[in-house]
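**Student:** Starting off with a structure, shown below.
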């Protein structure tokens, strides 16, 4: 069902999910997957840069958050045997590199939240935090971290490496 919904939306998950630092993209504990912060990277390149509210509009920030969430789902797909084993998204934390005075972080992170709801329906609804920060790695406008639940039969290993 998830794969069908992705095809319907015209979304192809990334073939590779490299870590951009000294960490692993995902860690599994019990039936939870903790996804490291994901940036709006496409084809190995950061697609958006700068601060939302000065360099980027809320709409561009929304698209950046959506792309970061797609990358998070790519990490999940590489962690599980099968995406059908993904039960639900538990929580996302969204960081928004914000211009001084910018207060619409929640609208930016809706890009990630709405992506998960579009793909997983009710199982994509989650708890969330949307935080404004002065800067993010590589001048990214957003970073999304995810906690998801899965069926234990789906686990490949306790961690995945880049």
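**Student:** Would you work out the relative contact order for region 58-134, in percent, from Cα pairs under 8 angstrom that are 6 or more residues apart?
**Tutor:** 44
**Student:** Quick check: convex hull of the Cα atoms in region 91-146, volume per residue, rounded to a whole Å³?
**Tutor:** 67
**Student:** Calculate, for residue 8 and residue 42, the FRET efficiency according to 1/(1 + (r/R0)^6) with r their C-beta to C-beta distance and R0 25 Å; round to the nearest 0.05. Can you show the working numbers first?
**Tutor:** Values: r = 20 Å, r/R0 = 0.79.
After rounding, the FRET efficiency stands at 0.80.
**Student:** In addition: Let me have the relative contact order for the chain, percent, based on Cα pairs under 8 Å that are six or more residues apart.
**Tutor:** On the way: 352 pairs, mean separation 57.8, N = 162.
About 36 percent, as a whole number.
**Student:** With the chain treated as a Gaussian network of Cα nodes joined by springs under 10 Å, which of 77, 22, 140 yields the largest mean-square fluctuation?
**Tutor:** Ranking 77, 22, 140 by mean-square fluctuation puts 22 first.
**Student:** By how many nm would the segment from residue 103 to residue 131 grow when fully extended, if each residue of separation counts as 0.36 nm and the alpha-carbon distance is taken off?
**Tutor:** Fully extending the segment from residue 103 to residue 131 adds 9.1 nm.
**Student:** Here's a follow-up. How do 34, 115 rank when sorted from fewest to most other Cβ atoms within 10 Å of their own Cβ?
**Tutor:** Result, fewest neighbours first: 34, 115.
**Student:** Next question. Does region 22-61 classify as rounded, prolate or oblate by the C-alpha gyration tensor (a ≥ b ≥ c root eigenvalues; a/c under 1.5 gives rounded; else a/b over b/c gives prolate, otherwise oblate)? Mind dumping the intermediate values first?
**Tutor:** Values: a/c = 3.39, a/b = 2.25, b/c = 1.51.
Judged from the Cα gyration tensor, region 22-61 comes out prolate (a/c at least 1.5, a/b above b/c).
**Student:** Considering region 1-85, what Rg and Dmax in Å follow from its alpha-carbon atoms?
**Tutor:** So, for region 1-85, Rg and Dmax equal 14.0, 42 Å respectively.
**Student:** Going by Cα centres, region 23-43 and region 70-117 are how many Å apart?
**Tutor:** Spelled out, the Cα-based centre of one part sits 11 Å from the other.
**Student:** Calculated FRET efficiency, residue 1 and residue 81, Cβ-Cβ r, R0 25 Å, to nearest 0.05?
**Tutor:** Result of the calculation: an efficiency of 0.95.
**Student:** Same structure, new question: From the Cα trace of the chain, what convex hull volume per residue do you get, rounded to a whole Å³?
**Tutor:** Looking at the chain, the number lands at 98 Å³ per residue.
FYI, it's all coordinate maths here, none of it is from the lab. As the structure is a computational prediction, the values presented were derived from the model and not from experiment. Cβ coordinates were reconstructed from backbone atoms using ideal geometry, including for glycine residues, and neighbour counts include every protein chain displayed.
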